[in-house]
Amino acid sequence: MIEKNYSVKKYMLALTGTFVAAIGIRLIVVSGSGADAMSTFIMGLMEHLPFRFGTVSNIFNGGLLVIIFLYDRQLIGVGSIIKSIGVGIFLNLIESAGWLLNIPAALDYTAVAAGTIILGIGTGIYLLANAGSAAYDSLMIVLQRLLKVSVKTARIILDGSFFLAGYLLGGTIGLGTIIVLVLMGPSLELTLKYLPKIELFRTNQK
């Protein structure tokens, strides 16, 4: 029973973190001022595909999951599917519900900052669930292994490649991109530091 309750809580936290992250991504994307590496790449793909952001996200992440599973299935867990596919589903639901469709021009950068902080919190909640790495994070691990470099270097190479590919495909890179790069790390770090002090966000078994 303890193991069952632990699993339910873990996956509920993963779902909650994924939903919160989707809200953050939505705020960043609708600002049109620049975004994180993956969102920039997806927006570039949208210039050539007749699908919504969430759908393109699911196609891309689903493909990544298959590739990573074939490379090393141990990198993929239930949480990997929740985060990788759930973000796209939640983004489409948010859009279909008519939420956050537009941001006043004067609030573009405020939306990016708020969205980045929310994305960092959502990512932190997901990580605290300890339910498995998302597709993009697993890809970073694969790259780190193949290139035999540090995780930090692998992340820089991965983000840089997706920023460049997204830009070349037609995605937007701007001041918002810098805001994301500056705020994402601290918001994630603070979430991982302080939320575990609250029992609701602990997944360790007693």
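Brief remarks follow.
- When all protein chains stay in place and ligands, DNA and RNA are ignored, the 1.4 Å accessible-area order of Ser96, Ser133, largest first, is Ser96, Ser133.
- Relative contact order for the chain: 39 percent, from Cα pairs under 8 Å spaced at least 6 residues apart, divided by residue count.
- Electrostatic bookkeeping for Asn58 treats Lys and Arg as +1 and Asp and Glu as -1; over the other residues with beta carbon under 14 Å from its beta carbon, the sum is +1.
- Taking trypsin sites (Lys or Arg not before Pro) across the range 134-179, the ones in a DSSP loop with at most 10 further Cβ atoms lying within 10 angstrom of their Cβ are Lys148.
- Taken per residue, the accessible surface of the range 17-105 reaches 44 Å², heavy atoms only and a 1.4 Å probe.
- The range 89-154: chymotrypsin sites (Phe, Trp or Tyr not before Pro) in DSSP coil with no more than 12 other Cβ atoms inside 10 Å: Trp99
- Element breakdown for the range 134-206 at a 1.4 angstrom probe: carbon and sulfur atoms account for 70% of the accessible area.
The values are calculated or read from the model by the stated rules, or taken from the named source; none is laboratory data. Predicted model only: the values in this text are computed from it and were never measured. Neighbour counts are summed over all protein chains in view; Cβ atoms, including those assigned to glycine, are modelled from backbone coordinates with ideal geometry. Quick note on the areas: whole protein, heavy atoms, side chains included, nothing else; ligands and nucleic acids left out. Shrake-Rupley method; radii C 1.70, N 1.55, O 1.52, S 1.80 Å.
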